[in-house]
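Below is the structure I would like to discuss, written out as structure tokens.
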Amino acid sequence: MVAKLYSATVIGVDAYPIEIEVNLTGVSSVNIKDSTISIVGLPDTAVKESRDRIYSAFINSNFMPPRGFTVVNLAPADLRKEGAAFDLGIALALLGTTGNLDIERLGRIAALGELALDGSLRPVKGALPIAAKLSGLPHIKALLVPAANAREAALAAGSKLPVFAVNTLAEAAELVNRGHGTPFKAQMPEIAGKERMPDFDEVKGQLAARRALEIAAAGNHNILLYGSPGTGKSMLAMRLPGILPRMTAAEMLETSRIYSVLGLLSGNEPLMNIRPFRSPHHTISDAGLIGGGKDPRPGEISLAHNGVLFLDELPEFKRNVLEVLRQPLEDGMVTVSRAAGSCCFPARFMLCAAMNPCPCGRGQVELGCQCKTEEKRRYLKRISGPLLDRIDLRVPVRQLTDKELLKAPDGESSAAIRQRVCAARQLQLDRYAEYGFFSNNQLTPKTLQKFCNLQPSGEKLLRDAITRFKLSPRAYTRILKVARTIADLAGMKSICDEHIFESINYRKSDLE
């Protein structure tokens with residue numbers, strides 16, 4: 001007798017439907033210990049070990065394990081299967097072959113979940129992308145998941161696929177036999193008023209740096225803060241997510257898919273509803289940053305998708321680690337290739353970096369800096385020119401005066417800054433609606449020419465800057481993009497000379 005149902009496996013951050021086929025042959029009266037279950041279809045060790053988990057779960061759930069020779073096929077056979085998420089599906093199919101479940105109903109459902117030895121279900125990774133993928137398949141009419149995965153699965157499936165939360169194998173079997181039940185309902189989480197992020201109203205002084213961060217947020221530009229230790233670079237960077245527009249429903253699902261694959265979502269927080277802020281230590285490897293491993297998994301830049309990647313002490317990162325950022329900064333995604341194949345991970349993030357001006361950090365003789373010119377040069381050369389060229393704004397963070405230190409913070413709140421940022425972003429959304437862009441940083445050479453026209457005086461100003469600072473073509477386009485953002489913050493349709501001038505000032509620095 002053959003029974004089948006569906007499940008899915010995750011490769012990278014994408015889910016692939018899997019058909020579980022179980023065939024029971026050679027039923028005999030021999031001792032049950034002589035029965036054999038063979039699992040085929042490129043299973044990994046965790047999938048093969050499901051035989052022992054299922055056997056124990058059957059006994060403790062008052063089900064009789066199948067006798068004889070049983071073949072479990074996970075199709076397509078050429079796709080590698082990993083993890084314990086197939087436990088529930090295999091167990092239900094086995095119950096179908098022994099006559100405990102209706103085989104016809106089984107063929108219309110999908111199931112995922114790891115079985116404990118007592119028959120209870122444990123949560124699995126990747127429920128969100130799996131539910132999203134299976135919801136698009138018309139032949140699947142229901143999805144059974146562990147209760148801890150129900151919220152994320154229901155949010156991903158929406159109204160297309162009923163999701164049922166089950167706690168045990170016996171409960172799942174009863175649900176299949178009944179043929180009906182109450183689907184789990186989940187609503188998109190509300191985030192208004194629930195964000196708890198550091199606020200700019202706690203910052204003293206640093207008007208220039210705050211202005212630059214506002215521009216970066218408005219146009220989704222990369223930014224570098226440099227200055228002596230203790231001037232507030234990290235403090236400013238941590239407040240950047242609080243002035244970004246709130247995440248849309250699509251962005252929540254995009255980002256949550258990555259966190260789901262890595263098992264970083266909880267039952268209480270089924271979606272990432274605030275923009276991520278990732279701050280990896282400078283000892284991180286290139287695989288840890290961009291993703292990788294034998295079976296590639298997303299790295300820090302993908303965890304920062306739709307949010308902020310903060311690299312503190314930028315020159316302290318290994319050179320090869322920083323260089324792998326080039327492609328993601330341009331393309332918004334990263335491709336990790338291995339012998340078994342390649343995976344593409346989304347990585348559209350804002351890069352915010354911070355660094356000291358020299359090895360000792362003081363930067364100026366009057367502040368006690370004793371670094372030699374050659375030492376400073378070697379320190380700054382740790383950051384390659386091509387990477388530095390991809391950073392739109394380079395902003396010095398100065399030491400506060402004694403008066404600024406002693407007085408109370410006088411900065412405006414993150415909420416007030418966010419209002420201006422959202423207004424500028426809305427202008428960009430409306431302007432680029434037919435192109436699918438949402439920010440000035442995504443402008444292509446063709447659209448840049450269309451939307452960033454300059455007056456003759458502005459062209460001369462930019463031409464002089466190119467000659468004086470020996471700017472690359474990439475630097476030229478990024479100056480235009482930042483100028484376009486500055487004009488949007490001012491609510492102006494055209495780019496004026498003062499916008500070009502301010503953008504150029506953010507481009508030139510003491511770092512080259």
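Test Arg246 against the stated conditions and say whether it is part of a loop (DSSP other than H, G, I, E, B), over 30 Å from Gln370 (Cα atoms), among the charged types (D, E, K, R) and in contact with a Gly (Cβ under 6 Å, 6 or more places away or on another chain).
no
With the requirement that a residue be farther than 26 Å from Gly242 by Cα and among the charged types (D, E, K, R), what does the stretch 301-325 give you?
Within the stretch 301-325, Glu316, Lys318, Arg319, Glu323 meet the criteria.
Take Ala116 and decide whether it is under 23 Å from Val22 (Cα atoms) and hydrophobic (A, V, I, L, M, F, W, C).
yes
With respect to Leu95, is the statement that it is among the hydrophobic types (A, V, I, L, M, F, W, C), more than 18 Å from Ala147 (Cβ to Cβ) and either open to solvent by 40 Å² or more (accessible area, probe 1.4 Å) or in a helix (DSSP H, G or I) (or both) true?
yes
With surrounded by 12 or more Cβ atoms within 10 Å (Cβ to Cβ), closer than 30 Å to Glu202 by Cα and of a type in the set (Ser, Thr, Tyr) as the only criterion, which of Ser439, Ser472 stands out?
Testing whether each residue is surrounded by 12 or more Cβ atoms within 10 Å (Cβ to Cβ), closer than 30 Å to Glu202 by Cα and of a type in the set (Ser, Thr, Tyr) leaves just Ser439.
If you don't mind, another one. Would you mind telling me which numbered condition in (1) farther than 19 Å from Met350 by Cβ; (2) assigned to a helix (DSSP H, G or I) Arg484 fails?
Status for Arg484: all satisfied but (1).
Taking the stretch 261-309, which residues are touching a helix residue (DSSP H, G or I) at 6+ places or on another chain (Cβ under 7 Å), without any contact (Cβ under 8 Å) to a residue 24 or more places away in the chain and outside any loop (DSSP other than H, G, I, E, B)?
Listed by number, the residues that qualify are Gly288, Glu300.
Testing Gly458 on (1) at pLDDT below 95; (2) of a type outside the set (Lys, Arg); (3) surrounded by 15 or more Cβ atoms within 10 Å (Cβ to Cβ); (4) closer than 19 Å to Ile215 by Cα, one condition comes back false. Which one is that?
Among (1) at pLDDT below 95; (2) of a type outside the set (Lys, Arg); (3) surrounded by 15 or more Cβ atoms within 10 Å (Cβ to Cβ); (4) closer than 19 Å to Ile215 by Cα, the lone unmet condition for Gly458 is (4).
Kindly indicate the residue of the stretch 184-193 that is open to solvent by 40 Å² or more (accessible area, probe 1.4 Å) and more than 15 Å from Arg418 (Cβ to Cβ) and also modelled with the highest pLDDT among those meeting that condition.
This residue is Phe184.
From the set of residues in the stretch 326-381 that are assigned to a strand (DSSP E or B) and more than 22 Å from Leu311 (Cα to Cα), which is most open to solvent (accessible area, probe 1.4 Å)?
Arg338
The values are calculated or read from the model by the stated rules, or taken from the named source; none is laboratory data. On a predicted model such as this, the values are computed, not experimentally measured, just so you know. Neighbour counts are summed over all protein chains in view; Cβ atoms, including those assigned to glycine, are modelled from backbone coordinates with ideal geometry. The protein model used for the area step is the full one, side chains on, heavy atoms only, and it has no ligands, DNA or RNA in it. Shrake-Rupley method; radii C 1.70, N 1.55, O 1.52, S 1.80 Å.
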